[in-house]
Amino acid sequence: MAADLRATAAYINLDAIKTNVELFREAVGPAVDVMAVVKADGYGHGAVRVAEVAVGAGATWLGVAVAEEGAVLREAGLTVPILVLGASNRQQAQLGVQWGLDLVISEPESLQWIVDAARPLGAIPRVHLKVDTGMGRLGVAPESVVSEWVPRLTSGEVRWQGLMSHLADSDGPTVDRTKGQLSAFLDLVEALRVQGIDPPPSLHIANSAATLRYPGTHLTMVRVGVGLYGALDIPEAHGLAPAMRVESVVVLVKRVPRGALIGYGGTYRAPHECTIATIPIGYADGYRRAFSNVAEVLIHGRRCAVAGRVSMDQVTVVVPDDVTVSLGDRVVLLGEQGGQSISIRDWAGWADTITYEMLTGISGRVPRIYPSG
Ligand SMILES: *Cc1c(COP(=O)(O)O)cnc(C)c1O
């Protein structure tokens, strides 16, 4: 799709991503690997472009959710280790092995599928055992690792590359849960050593928030997602730069009388004669219906409130009376204009959700543009 066909577009600042990777690299020091997590098309920023920049800036691993995402990176020529973070069914295991991806195991079935997929290829697949230290989602019980898992992982059919876990509350207000999960993980590593078992080379538990908040979680690698995109919503993340800007243009301007009802359901009634501008972005683009009568956009550096319901493809805003607006004027929905700024955190607040959901919700209909330099 030609990027300039639509007035509405997401502009991706790859320099911001580079700077953010460097910041994480510095935070962990030279001995720790940084995995750039580029699942969900790089949290909506374009997985291949983000991966290339991240690797150029010092990331040594890539993380994806499903094997197809890893295949896309391999096809684009990325050769660094890629870990599929999600659980694999038989098809996922096959695709992962075929493309030389590292796979996570949380149960015996997927290990068997991985071994089955590798045998005809004569490959030794690389696996990371995931333990559940308190997230309650994927992962085996820590107590089962020494007795049940080590024999299978050291039998020669697979290469035991990693031991990992995932934190449930690293961006939350309390430290207890994170500390408990980390100590459960470290206890397990210690239990392996006591048994004379070498832990695998990659030990990892930290996501973006933990990397910046809890240096004890760095171990041998950190898995950084949301922070790469400058959308990590904790005070420690203030140095990170937002990487996405969403812009559109005014496609219609009209004066409406006092009492006019705007949009589906007439949920906005003009309190006095006012100017309404229509902008071609809607919930099918990821500009959420929850933004109705709540969100703001920037026109000529001024905040203009969404008036009425956000519809599938359009939104209407009320323009302050001292702003002259014309057809074709630039509208900033996410980002800065004239000293004012709208952040992904604002979006998340308006929709009562988290920045992750906002970024990954910007749909494929919105062209991604990568301004050079
Ligand atoms: C998505 C994901 C991450 C990255 O988390 P962020 O909070 O975005 O940094 C790390 N680990 C796993 C297992 C994930 O699924």
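For this structure, a couple of remarks:
- Of all the criteria given as (1) among the hydroxyl-bearing types (Ser, Thr, Tyr); (2) within 16 Å of the ligand (Cβ to nearest atom); (3) open to solvent by 20 Å² or more (accessible area, probe 1.4 Å), the one not satisfied by SER341 is (2).
- Condition met for SER88 (polar (S, T, N, Q) and either over 23 Å from the mean Cα position of the chain (by Cα) or surrounded by fewer than 21 Cβ atoms within 10 Å (Cβ to Cβ) (or both)): no
- Strands (runs of 3 or more DSSP E) wholly inside the stretch 1-72 containing at least 3 residues that are within 24 Å of TRP99 (Cα to Cα) and within 13 Å of the ligand (Cβ to nearest atom): 33-37, 61-64
- Selection from the stretch 40-85 of residues that are open to solvent by less than 50 Å² (accessible area, probe 1.4 Å), more than 30 Å from PRO120 (Cβ to Cβ) and of a type outside the set (Ser, Thr, Tyr): ALA40, GLY42, GLY44, HIS45, GLY46, VAL50, VAL53, ALA54, VAL55, ALA57, GLY58, ALA59
- Looking only at residues in the stretch 203-249 that are in a helix (DSSP H, G or I), hydroxyl-bearing (Ser, Thr, Tyr) and in contact with a Leu (Cβ under 6 Å, 6 or more places away or on another chain), the one that is surrounded by the most Cβ atoms within 10 Å (Cβ to Cβ) is SER208.
- The stretch 168-194 - residue that is over 19 Å from VAL145 (Cβ atoms) and open to solvent by less than 30 Å² (accessible area, probe 1.4 Å) and, of those, nearest to the ligand (Cβ to nearest atom): SER170
- Against the numbered list (1) out of contact with any Lys or Arg (no Cβ under 6 Å at 6 or more places or on another chain); (2) free of Cβ contacts under 8 Å to residues at least 60 places away in the same chain; (3) more than 16 Å from the ligand (Cβ to nearest atom), LEU252 comes up short only at (2).
- Among the residues of the stretch 343-373, those that are outside any loop (DSSP other than H, G, I, E, B) and within 16 Å of ALA16 (Cβ to Cβ) comprise ILE344, ARG345, THR355, LEU359, ARG368, ILE369.
- Test result for ILE197, of a type in the set (Val, Ile, Thr), within 16 Å of the ligand (Cβ to nearest atom) and either open to solvent by 10 Å² or more (accessible area, probe 1.4 Å) or not in a helix (DSSP H, G or I) (or both): no
- The set of residues in the stretch 73-90 that are aliphatic (A, V, I, L, M), within 16 Å of the ligand (Cβ to nearest atom) and assigned to a loop (DSSP other than H, G, I, E, B) comprises LEU85, ALA87.
The values are calculated or read from the model by the stated rules, or taken from the named source; none is laboratory data. Since the structure is predicted, the reported quantities are computational estimates derived from the model, not experimental observations. Virtual Cβ from ideal backbone geometry, glycine too; neighbours counted across all protein chains shown. What goes into the accessible areas is simple: the full protein's heavy atoms, side chains included, and nothing from ligands, DNA or RNA. Shrake-Rupley method; radii C 1.70, N 1.55, O 1.52, S 1.80 Å.
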